[in-house]
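The values are calculated or read from the model by the stated rules, or taken from the named source; none is laboratory data. Treat the numbers as computed from the prediction; the structure is a model and nothing was measured. Because the Cβ atoms are built from the backbone with ideal geometry, glycine has one as well, and the counts that use them run over all protein chains shown. All accessible areas refer to the heavy atoms of the entire protein, side chains included, with ligands and DNA or RNA removed. Shrake-Rupley method; radii C 1.70, N 1.55, O 1.52, S 1.80 Å.
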Amino acid sequence: MHEECGVVGVSFKDEAPAALSIYYALYALQHRGQESAGITVHDGTQVRTLKGMGLVPDVFNRGDIQKLKGHVGIGHVRYSTTGGSKIENCQPLLVSFKSGTIAIAHNGNLVNSKELRAELEKEGRIFLSESDTEVIAHLLVKRLMHSELEDAVRELMKRLVGSYSLAILVDNKLVVVRDPLGIKPLCLGQIDNGYVVASESAAIDILNGQLIRDVAPGEMIIFSNGSYESKQLVRSRNYAHCVFEYIYFARPDSVIDGHLVYDARMRIGMTLFEEHPVNAEIVSPVPDSGITYAIGFSKRSGIDYMEGLMKNRYIGRTFIMPGQDMRETAVRLKLNTIKPNIQGKSIVLVDDSIVRGTTSRRIINLMRKSGTREIHMRVASPPIISPCYLGIDMATREELVAAHKAVKGVEALINADSLGYLSVDGLVKSIGIPLDDLCVGCLTGVYPVEIPGEQCARRQLKLSEF
Ligand code: SF4
């Protein structure tokens with residue numbers, strides 16, 4: 001399972017350089033995408049962009065940041081969902097047109113991008129990338145030719161189906177938009193002399209800023225001259241915040257839609273014990289994503305927390321020579337056992353999710369080779385039975401082990417002594433947001449927007465109702 005993207009927007013009142021703040025904020029969002037990074041700034045007369053493949057420190061050096069002059073700008077880190085991993089698909093996407101320039105940073109995935117693209121191509125528009133962000137850019141430019149900014153964005157939102165948190169530079173104006181269901185996070189903060197908008201509040205913290213609030217689903221905010229104006233362009237009956245932000249993607253120190261991710265994970269760990277109690281000698285996480293859950297499980301159960309696996313945090317993009325058991329080697333490079341902690345013991349092993357089951361099986365086999373007596377697997381996510389169409393690179397339905405096997409079948413496949421998944425009810429209770437305001441599409445097969453061939457909860461306004 002891969003993170004999607006992170007977006008940032010910064011607007012300063014005076015001539016303070018935005019690029020350095022965007023650079024730091026992108027560092028804070030690096031976990032959301034490691035394939036490419038980019039920054040676009042505007043100084044009132046000129047737009048400047050720098051983007052490239054790799055991590056934030058691979059793409060920018062001190063000289064680059066100094067050359068990116070401008071008091072307003074946007075930034076992006078990417079993991080590809082729509083479109084491949086190549087430079088053409090890096091963001092921000094910059095487009096020049098008759099009336100000026102726009103640059104777009106997008107987190108999310110449109111489910112109707114193919115239709116929109118075909119329609120635009122019929123009109124003679126040429127695409128340079130495969131990303132759905134270019135579809136958004138074309139649609140916006142088309143409307144900006146005839147309408148004021150607010151109307152153009154409202155019209156744009158009428159056409160988009162799916163998830164989108166957008167940071168847009170329209171000449172030297174920063175505009176941010178969140179989809180009507182609030183599927184992807186986006187929050188607003190105040191920093192010295194200006195404002196910052198970011199996918200997660202941790203990015204505001206590292207700029208020494210103050211979180212003001214989340215950008216509301218369906219809201220547009222326009223920043224200029226040190227102030228901002230908010231417009232609620234679309235109001236949906238319900239929201240559909242992605243539960244995987246709480247389970248896996250977001251940093252534990254981020255506050256998303258009013259809920260600290262760390263607290264939600266701690267409660268999930270506690271609920272996991274209440275739903276699947278077990279007698280064991282220690283509770284141990286699969287690092288790093290299982291740590292907070294394991295602490296919660298330990299607290300509620302009274303079973304000692306002890307680490308049994310150590311993660312190599314410096315592995316980066318390692319190549320593995322063919323001819324070996326590549327996946328086995330990959331797991332060994334990434335994780336090693338702390339033998340004295342687990343030898344001869346019965347262990348509760350806590351992880352965030354099981355996607356294909358192959359990684360869990362390899363980890364459990366690694367622990368068994370180190371002499372662990374019993375391994376009781378507890379999983380913070382309910383079984384993932386359906387793919388994600390809304391911006392998470394998960395797996396196809398065929399690859400999802402829980403789509404084809406019941407709990408006992410998965411338990412046997414991963415070679416655990418017992419297996420317990422959190423229930424959807426337990427997850428909802430632990431996060432603290434009503435089910436009607438969450439997306440649980442990959443856990444139930446019922447999605448918040450219409451997706452061909454899938455069931456829909458029909459929470460989003462039909463396009464004709466906007
Ligand atoms: S389908 Fe799953 S991963 Fe995708 S947005 Fe919904 S909850 Fe998140």
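Could you order Lys114, Lys231 so the one with the most accessible surface comes first? Probe is 1.4 Å.
On the way: Lys114 165, Lys231 60 Å².
The ordering from most to least exposed comes out as Lys114, Lys231.
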Quick one: length gained pulling Gln46 to Lys311 fully straight, 0.36 nm per residue minus the C-alpha distance?
90.9 nm
Determine the percent antiparallel among the DSSP beta bridges restricted to the chain, to the nearest 5.
75
Find the centroid of the Cα atoms in region 346-370 and in region 125-188, then give the distance between the two in whole Å.
42
Under 16 Å from the Cα of Lys158, which aspartates and glutamates turn up, not counting those fewer than eight places away in the same chain?
Glu115, Glu119, Asp132, Glu148, Glu150, Asp179, Glu219, Glu450, Glu465
If DNA, RNA and ligands are ignored and the probe is 1.4 Å, what is the ranking of Ile222, Ile354 by accessible area, most exposed first?
Ile222, Ile354
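What number, in percent, do you get for the relative contact order of the chain if the mean sequence gap of Cα pairs under 8 Å and at least 6 apart is divided by its residue count?
Details: 1119 pairs, mean separation 62.4, N = 466.
Worked out over the chain, it gives 13 percent.
Just the number: Rg to Rh for the chain, Cα atoms, Kirkwood Rh, two decimals. Don't skip to the end; give the middle numbers.
On the way: Rg = 22.7 Å, Rh = 23.0 Å.
Rg/Rh for the chain comes to 0.99.
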Please give, to one decimal in nm, the separation of the simple spin-label points placed at Arg356 and Asp151, each 7 Å out from Cα toward the Cβ.
5.2
With Cα atoms, 0 to 90° folded angle of helix 358-369 axis to the chain main axis
30
Derived scalar couplings ³J(HN,Hα) [region 8-20; Karplus, 6.51 cos²θ - 1.76 cosθ + 1.60; whole Hz; x for Gly, Pro]
9, x, 10, 9, 9, 6, 9, 8, 4, x, 7, 4, 5
Using a 1.4 Å probe, what is the accessible area per residue for the chain, in Å²?
41
Name the residues whose placed amide hydrogens come within less than 5 Å of the amide hydrogen of Cys456, ignoring near sequence neighbours (fewer than 5 apart) on the same chain.
Tyr447
With point charges of +1 on the Cβ of Lys and Arg and -1 on the Cβ of Asp and Glu, referenced to the Cα centre of region 329-382, which listed residue (Ile347, Ile375, Val331) lies farthest in the positive direction of the dipole?
Val331
For region 259-444, count the residues as N, evaluate 2.2 N^0.38 Å, and divide the Cα radius of gyration by that value, please.
1.02
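From the protein chains alone at 1.4 Å, what is the descending order of accessible area for Asp253, Asp351, largest first? Don't skip to the end; give the middle numbers.
Values: Asp253 70, Asp351 15 Å².
Accessible-area ranking of Asp253, Asp351, largest first: Asp253, Asp351.
Tell me the Kirkwood hydrodynamic radius of region 196-305 in angstroms, computed as one over the mean inverse distance between distinct C-alpha pairs.
Working: mean 1/r = 0.0614 Å⁻¹.
Taking the inverse mean of 1/r over all distinct Cα pairs, region 196-305 comes out at 16.3 Å.
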Just to be sure I understand the model, the point goes 7 Å from the Cα along the line to the Cβ. What's the resulting Asn193 to Phe97 distance in nm?
3.3
With a 1.4 angstrom probe the carbon and sulfur portion of accessible area for region 259-444, in percent, totals 53
Accessible area of region 5-240 with a 1.4 Å probe: how many percent of it is carbon plus sulfur?
47
Between the modelled labels at Asn365 and Met53 (7 Å from Cα along Cα→Cβ) the distance in nm is 3.2
Listed by chain and number, the lysines with an alpha carbon less than 18 angstrom from that of Lys51, same-chain partners under 8 positions apart left out, are Lys67, Lys69, Lys86
Could you name the lysines whose alpha carbon sits less than 16 Å from that of Lys369, not counting residues in the same chain fewer than 8 places away?
Lys339, Lys345
From the backbone phi of region 206-216, what are the Karplus-calculated ³J(HN,Hα) couplings (6.51 cos²θ - 1.76 cosθ + 1.60, θ = phi - 60°) in whole Hz, Gly and Pro given as x?
6, 8, 6, x, 10, 5, 8, 5, 7, 5, 6
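Determine, for each peptide in 373-386, 192-205, 294-307, the mean count of other beta carbons within 10 angstrom over its residues, then list the peptides with the highest first.
Details: 373-386: 22.9, 192-205: 24.6, 294-307: 19.6.
Packing order, densest peptide first, comes out as 192-205, 373-386, 294-307.
Restricting to DSSP H runs of at least four residues, report the calculated mean residue ellipticity at 222 nm for the chain, -39500 (n - 2.57) per run over all residues, nearest 500 deg cm²/dmol. List each step's numbers first, then the result.
Numbers: 15 runs with 132 residues, N = 466.
My calculation for the chain gives -8000 deg cm²/dmol from helical runs alone.
Using only the Cα atoms of region 5-240, build the gyration tensor, take square roots of its eigenvalues as a ≥ b ≥ c, and label the shape rounded, prolate or oblate: rounded if a/c is under 1.5, else prolate if a/b is larger than b/c, else oblate. Could you put the intermediate results ahead of the total?
Numbers: a/c = 1.36, a/b = 1.21, b/c = 1.12.
Taking the square roots of the gyration eigenvalues as a ≥ b ≥ c, region 5-240 is rounded.
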Out of Ser147, Leu174, Leu55 - ranked by how far each Cα lies towards the positive end of the dipole of region 5-240, with unit charges on the beta-carbon of charged residues - the top one is Ser147
Run the 1.4 Å probe and let me know the accessible area of Glu398, rounded to the nearest 10 Å².
140
3J(HN,Hα) from dihedral phi, region 144-160, Karplus parametrisation 6.51/-1.76/1.60, rounded to Hz, x for glycine, proline:
5, 5, 10, 10, 6, 3, 4, 5, 4, 5, 4, 5, 4, 5, 5, 9, 8
